[in-house]
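Visitor: Next up is a structure, given as structure tokens.
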Amino acid sequence: MVSDLSPIDTAKFVAAKRALDYVESGMRLGLGTGSTAAWMVRILGEMVRNEGLKVTGVPTSDRTAALATEVGIPIATLAEVKWLDLTIDGADEFDHNLNLIKGGGGALLQEKIVATASDQMVVITDVSKEVDTLGKFPLPIEVVTFGWETTKALMEEALMNVDVMGRTGTLRMNGSDPFLTDEGHYILDFHLHHIAEPRKLALILNQIPGVVENGLFIDICDTVVIGYGDGNVEVRDINAGTIEHERIDVIERDNLFADISE
Ligand code: 5RP
């Protein structure tokens with residue numbers, strides 16, 4: 001049966017499916033977080049269950065760990081595997097250099113550690129995430145809860161010396177309480193609109209006491225797989241300098257399309 005997924009879910013599904021072409025048996029894989037990464041985990045689970053693929057997954061959040069376990073992917077901690085062959089994850093924005101904003105789902109800290117500990121990072125996304133200049137998506141910054149107001153004020157002051165088009169930070173909420181990351185930290189979302197020098201900004205932010213990590217991923221992503229609502233994908237490899245186009249079949253199979261929880 002051919003799927004009746006919405007165009008946005010089709011885009012996410014085909015990007016996830018194409019990215020799994022990079023997976024080989026025996027690999028240690030970083031498993032990203034978010035709705036696009038959830039498709040990847042589900043398809044990978046099917047490959048493990050039905051095709052005998054042998055992989056070890058290192059999840060980037062508690063919810064990805066739960067989903068990976070549910071679909072039958074053996075998981076391990078980063079401490080156990082130490083280094084990864086490949087990480088596949090989503091993104092909130094990417095630019096022409098494949099620099100990213102991540103952390104919309106609040107998992108940026110583990111995502112950055114896992115991606116940095118990987119030989120290769122493949123980002124899966126739909127075309128709406130592409131920008132000329134990063135910053136349209138509010139930049140998530142993970143901070144310790146102690147003195148977070150002071151950390152926020154220091155950040156706003158530091159932003160005076162950076163070429164951005166806004167400086168307002170807001171504490172991310174979960175209902176009436178602050179959102180807590182898996183590590184028990186807060187997230188400040190900074191509405192910068194236009195980040196002219198993302199590399200410089202990333203360095204400045206991480207020098208501020210109280211900042212745990214920022215959502216700018218600079219020179220970490222190697223490949224982006226962009227899915228489209230009509231089932232086409234575009235694969236851009238920043239190292240090889242190649243751009244490829246392909247069409248991916250979307251065929252419904254048992255369980256895969258049921259109840260994506262992200
Ligand atoms: C989570 C992330 C996600 O990768 C990002 O938010 C994209 O999510 P989605 O695929 O749901 O759009 O960085 O921290």
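Visitor: Pairs of alpha-carbon atoms within less than 8 angstrom and 6+ residues apart define the contacts here; what relative contact order does the chain have, in percent? Intermediate values should be presented prior to the final figure.
Guide: Details: 593 pairs, mean separation 64.4, N = 262.
Computed over the chain, the figure is 25 percent.
Visitor: Let me ask you something else. Students often get this wrong: which residues of segment 117-138 have the backbone nitrogen under 19 Å from the point 7 angstrom along Cα-to-C-beta of Glu156?
Guide: Once the point is set 7 Å along Cα→Cβ of Glu156, 138 turn out to lie under 19 Å by backbone N, inside segment 117-138.
Visitor: Calculate, in whole percent, how much of the Cα-Cα pair population of segment 11-99 lies beyond 15 Å.
Guide: Working: 2161 of 3916 pairs.
For segment 11-99, the share of Cα pairs beyond 15 Å comes to 55 percent.
Visitor: Also, I was wondering about something else. Between Leu203 and Asp21, take the C-beta separation as r, use R0 = 45 Å, and let me know the FRET efficiency to the nearest 0.05.
Guide: On the way: r = 35 Å, r/R0 = 0.77.
Working from the Cβ atoms, E equals 0.85.
Visitor: Okay, moving on. Pop a pseudo-label 7 angstrom from the Cα along the beta-carbon direction at both Asp230 and Ser6 and give the gap in nm to one decimal.
Guide: Simple spin-label model gives 2.1 nm for this pair.
Visitor: Rounded to whole Å, give me the distance from the Cα center of segment 184-214 to that of segment 1-49.
Guide: About 30 Å separates the Cα centre of segment 184-214 from the one of segment 1-49.
Visitor: Report the gain in length on full extension from Ile251 to Ile113: 0.36 nm times residue separation, minus Cα-Cα distance, nm rounded to one decimal. Provide the component values of the computation, followed by the final result.
Guide: Details: separation 138, 0.36 × 138 = 49.68 nm, distance 3.41 nm.
Between Ile251 and Ile113, full extension yields 46.3 nm more.
Visitor: With the alpha-carbon atoms as the only input, what is the per residue convex hull volume for the chain in Å³?
Guide: Cα convex hull per residue, to the nearest whole number: 126 Å³.
Visitor: Another question about this same structure. For segment 59-99, what does the alpha-carbon gyration tensor say about shape, rounded, prolate or oblate, given a ≥ b ≥ c as the root eigenvalues, a/c under 1.5 as rounded, and a/b over b/c as prolate? Intermediate values should be presented prior to the final figure.
Guide: On the way: a/c = 2.88, a/b = 1.64, b/c = 1.75.
Taking the square roots of the gyration eigenvalues as a ≥ b ≥ c, segment 59-99 is oblate.
Visitor: Which three extents, in whole angstrom, do the alpha-carbon atoms of segment 177-244 cover along their principal axes, largest first?
Guide: Computed over the Cα atoms, the extents are 43, 30, 24 Å.
Visitor: Evaluate 2.2 N^0.38 Å with N set to the residue count of segment 5-156, then give the Cα radius of gyration divided by it.
Guide: Details: Rg = 16.0 Å, N = 152, 2.2 N^0.38 = 14.8 Å.
Against the empirical 2.2 N^0.38 Å value, I get 1.08 for segment 5-156.
Visitor: Calculate how many DSSP beta bridges within the chain are antiparallel, expressed in % of all such bridges and rounded to the nearest 5. Each step should come with its number before you reach the end.
Guide: Details: 30 of 48 bridges.
The antiparallel fraction comes to roughly 60 percent.
Each reported figure results from applying straightforward, stated rules to the coordinates on display, with no laboratory input. Bear in mind the structure is a predicted one, so any value in this text is a computation, not a measurement. Please note: Cβ atoms are built from the backbone with ideal geometry, for glycine as well, and neighbour counts cover all protein chains shown.
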